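See structure below.
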Amino acid sequence: LMLIALIATGSVVGCEVLLGRAADDLSTGPITGPVRIRYVETLRNEASLINEGNSLSGISSLPSSSIPQPSAVAADATRVYVTNRAPLSWLAIFDRTARSLSILSLPTPTVLGQQFLELTGVAVTASGEIFVADAQQGKVFGLDRVGNLLLTIGKTGSVIYPSAIAVDSIRRIVYIADKHAHAVRIFTTNGDWVRDITLAGENKRLAAPAGVAL
């Protein structure tokens, strides 16, 4: 099975994709059978993790969300990570094993007074490192699983407006879609710059890239 997370106003909707053959049978070419998307749950607060029994038809009438402005979502084997936009920007971590919700409003330990201002992207490595893009600060923060600050990409102005990020866990590479620099910035997960991608096909320049995926 594969999991898809959809962003909706005020909630994050989890969906389960059922393929036409065994999910682990991916070596025999493209999927040929029917693909069904079945509603699973809505994540909006800690109570969502203890099976409130929400139905798809009730999404539009759900109570006020704990995530009023979701901007990006990522997941690993046990957690779902959701960024919330300005003016109250923070990272919500839904832990499906502990059945708990954690809210990170700033990387810790950090410079006094430095908070997340406008989180626009989140990505997670296979080893559990969390990378969040803060567009207003022009930085990407690398955090451990409990929110401790590991590194900052963009401290010297090398990133202007990170609109989305993706991580290659095998090669230990971070891809940053920099909307205002009209480029995809590539760094190692240690924060070292590798190169920029500024051209698309046929030598056309990138124009305000807003998303990136691997």
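Being in a loop (DSSP other than H, G, I, E, B), under 16 Å from the mean Cα position of the chain (by Cα) and surrounded by 13 or more Cβ atoms within 10 Å (Cβ to Cβ) is true for just one of Val122, Val174, Val212. Which residue is that?
Val212
The rows are residues; the columns are (1) of a type outside the set (D, E, K, R); (2) more than 23 Å from Ser102 (Cβ to Cβ); (3) outside any strand (DSSP E or B).
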{"position": "Ser127", "(1), (2), (3)": "yes, no, yes"}
{"position": "Gln136", "(1), (2), (3)": "yes, no, yes"}
{"position": "Ile160", "(1), (2), (3)": "yes, yes, yes"}
{"position": "His180", "(1), (2), (3)": "yes, yes, yes"}
{"position": "Asp196", "(1), (2), (3)": "no, yes, no"}
{"position": "Ala207", "(1), (2), (3)": "yes, yes, yes"}
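Could you check the stretch 145-157 and list, in sequence order, the residues that are assigned to a loop (DSSP other than H, G, I, E, B) and open to solvent by less than 40 Å² (accessible area, probe 1.4 Å)?
Gly147, Gly154
Could you check the stretch 182-194 and list, in sequence order, the residues that are under 14 Å from Val140 (Cβ atoms), without any contact (Cβ under 8 Å) to a residue 60 or more places away in the chain and part of a loop (DSSP other than H, G, I, E, B)?
Asn190, Gly191, Asp192
In the stretch 114-133, how many are over 10 Å from Ala74 (Cα atoms) and in contact with a Pro (Cβ under 7 Å, 6 or more places away or on another chain)?
Count: 2.
For the stretch 32-74, which residues satisfy the criterion of being in a loop (DSSP other than H, G, I, E, B), at pLDDT below 80 and open to solvent by less than 40 Å² (accessible area, probe 1.4 Å)?
Gly33, Ser65
Which number in (1) open to solvent by less than 30 Å² (accessible area, probe 1.4 Å); (2) within 21 Å of Ala92 (Cβ to Cβ); (3) at pLDDT below 95 marks the one condition that Val132 misses?
(3)
Just the residues that are out of contact with any strand residue (DSSP E or B) (no Cβ under 7 Å at 6 or more places or on another chain), at negative phi and of a type in the set (Asp, Glu), please, taken from the stretch 177-214.
Of everything in the stretch 177-214, just one residue is out of contact with any strand residue (DSSP E or B) (no Cβ under 7 Å at 6 or more places or on another chain), at negative phi and of a type in the set (Asp, Glu), namely Asp192.
The values are calculated or read from the model by the stated rules, or taken from the named source; none is laboratory data. Computed from a prediction, not measured in an experiment: that's the story for all the values here. As a convention, Cβ positions derive from the backbone with ideal geometry for all residues, glycine included, and neighbour counts pool all protein chains shown. For accessibility, only protein heavy atoms count, side chains too; no ligands or nucleic acids. Shrake-Rupley method; radii C 1.70, N 1.55, O 1.52, S 1.80 Å.
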